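*Asks:* Encoded as structure tokens, here's the structure I'll be asking about.
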Amino acid sequence: MGVVVAALLLSACPAYTVTRYSVSVDNVEMLRSLQKKYPQGALKVSDFISESGPQREILCRGAGPVAPPDQKTFEQYLQAALRDELRMAGVYSDKSKVELSAKFHELDFSSIDGTWNLAASVSASPVQPFQVSHVSSFSSSPIGDNACNLTAQAFMPATQDFLKKLVSSPEFEKAFAASEEAPAPLPTTEAVPGT
């Protein structure tokens, strides 16, 4: 009986849903300025994963889980956000030879301190993997329900700020520049006289 009551109490906890992603004008402008420097540049976005495995929700003060919309994981939310920004700037291509991926070693919040902590190792061959981290602060509340709601609302701007650090990094520019380089010319098959 106690297990049934506990299960009912847990299922009654409200989920605090993160706001759907809205493209950052600042990030798109930074990407467009890269496009002016490297007119043929474009990137592809690959997997965003966490060292601890996919995170569909993070429990907040025992009040309920904070979760991305549309049954996405937090990693999928961040991945889709970057892809949306690249597309909005006109610099995304599934055919790009430079594929960007990220492995998060920190993806968590403190509803007490009012912070989201995002840190990842980013790979974009031929550039060496590089670190991007961001701590985003927001106003929280001593009341659990309010704090968890504010935490969920703060993830979207935290994502925008994390991506701003990513796209403004020198390593990102190197990856973007590498995407512009033309592939090696194919060998010609000219007819050899006398054959």
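*Asks:* Determine if region 113-122 includes at least one residue that is farther than 21 Å from Ala152 by Cα and in contact with an Asp or Glu (Cβ under 8 Å, 6 or more places away or on another chain).
*Replies:* For region 113-122, residues farther than 21 Å from Ala152 by Cα and in contact with an Asp or Glu (Cβ under 8 Å, 6 or more places away or on another chain): present.
*Asks:* Right, next: Quick test for you: out of Ala80, Ala42, Ala63, Ala67, pick the one residue that is open to solvent by 10 Å² or more (accessible area, probe 1.4 Å) and touching a Cys at 6+ places or on another chain (Cβ under 6 Å).
*Replies:* Numbers: Ala80 fails: touching a Cys at 6+ places or on another chain (Cβ under 6 Å); Ala42 fails: touching a Cys at 6+ places or on another chain (Cβ under 6 Å); Ala67 fails: touching a Cys at 6+ places or on another chain (Cβ under 6 Å).
It is Ala63.
*Asks:* Right, something else. Which of the residues spanning region 121-151 are of a type in the set (Gly, Ala, Ser) and under 16 Å from the mean Cα position of the chain (by Cα)?
*Replies:* Ser121, Ser123, Ala124, Ser133, Ser136 - these are the residues of region 121-151 that are of a type in the set (Gly, Ala, Ser) and under 16 Å from the mean Cα position of the chain (by Cα).
*Asks:* Mind checking whether some residue in region 22-39 is part of a loop (DSSP other than H, G, I, E, B), open to solvent by 70 Å² or more (accessible area, probe 1.4 Å), modelled with pLDDT of 95 or more and closer than 29 Å to Ser140 by Cα?
*Replies:* Checked region 22-39: no residue is part of a loop (DSSP other than H, G, I, E, B), open to solvent by 70 Å² or more (accessible area, probe 1.4 Å), modelled with pLDDT of 95 or more and closer than 29 Å to Ser140 by Cα.
Rundown of residues vs (1) aliphatic (A, V, I, L, M); (2) in contact with a His (Cβ under 7 Å, 6 or more places away or on another chain); (3) without any contact (Cβ under 8 Å) to a residue 40 or more places away in the chain, yes/no style:
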site	(1), (2), (3)
Ala81	yes, no, no
Asp84	no, no, no
Ser93	no, no, no
Glu99	no, no, no
Ala102	yes, no, no
His105	no, no, no
Phe109	no, no, no
Leu118	yes, yes, no
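*Asks:* Pairs under 8 Å by beta carbon, first residue at positive phi in region 55-66, partner surrounded by 19 or more Cβ atoms within 10 Å (Cβ to Cβ), six or more apart or different chains?
*Replies:* Arg61/Ser111; Arg61/Ala147; Arg61/Cys148; Gly64/Tyr16; Gly64/Cys148
*Asks:* In region 83-98, which residues are among the polar types (S, T, N, Q) and surrounded by fewer than 17 Cβ atoms within 10 Å (Cβ to Cβ)?
*Replies:* Residue satisfying the conditions is Ser93 alone.
Conditions (1) outside any helix (DSSP H, G or I); (2) open to solvent by 20 Å² or more (accessible area, probe 1.4 Å); (3) touching a Leu at 6+ places or on another chain (Cβ under 6 Å), marked per residue:
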position: Ala120; (1), (2), (3): yes, no, no
position: Val135; (1), (2), (3): yes, yes, no
position: Asn146; (1), (2), (3): no, yes, no
position: Ala152; (1), (2), (3): no, no, no
position: Ala158; (1), (2), (3): no, no, no
position: Leu166; (1), (2), (3): no, no, no
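*Asks:* Any residue in region 136-148 that is closer than 24 Å to Phe172 by Cβ and not hydroxyl-bearing (Ser, Thr, Tyr)?
*Replies:* Checked region 136-148: no residue is closer than 24 Å to Phe172 by Cβ and not hydroxyl-bearing (Ser, Thr, Tyr).
*Asks:* Given the criteria under 17 Å from Asn149 (Cα atoms), of a type in the set (Gly, Ala, Ser) and not in a strand (DSSP E or B), does Gly62 qualify?
*Replies:* Here the answer is yes, as Gly62 does meet what is asked.
The values are calculated or read from the model by the stated rules, or taken from the named source; none is laboratory data. As the structure is a computational prediction, the values presented were derived from the model and not from experiment. Methodologically, a virtual Cβ is constructed for each residue, glycine included, from the backbone with ideal geometry; neighbour enumeration extends over all protein chains shown. The protein model used for the area step is the full one, side chains on, heavy atoms only, and it has no ligands, DNA or RNA in it. Shrake-Rupley method; radii C 1.70, N 1.55, O 1.52, S 1.80 Å.
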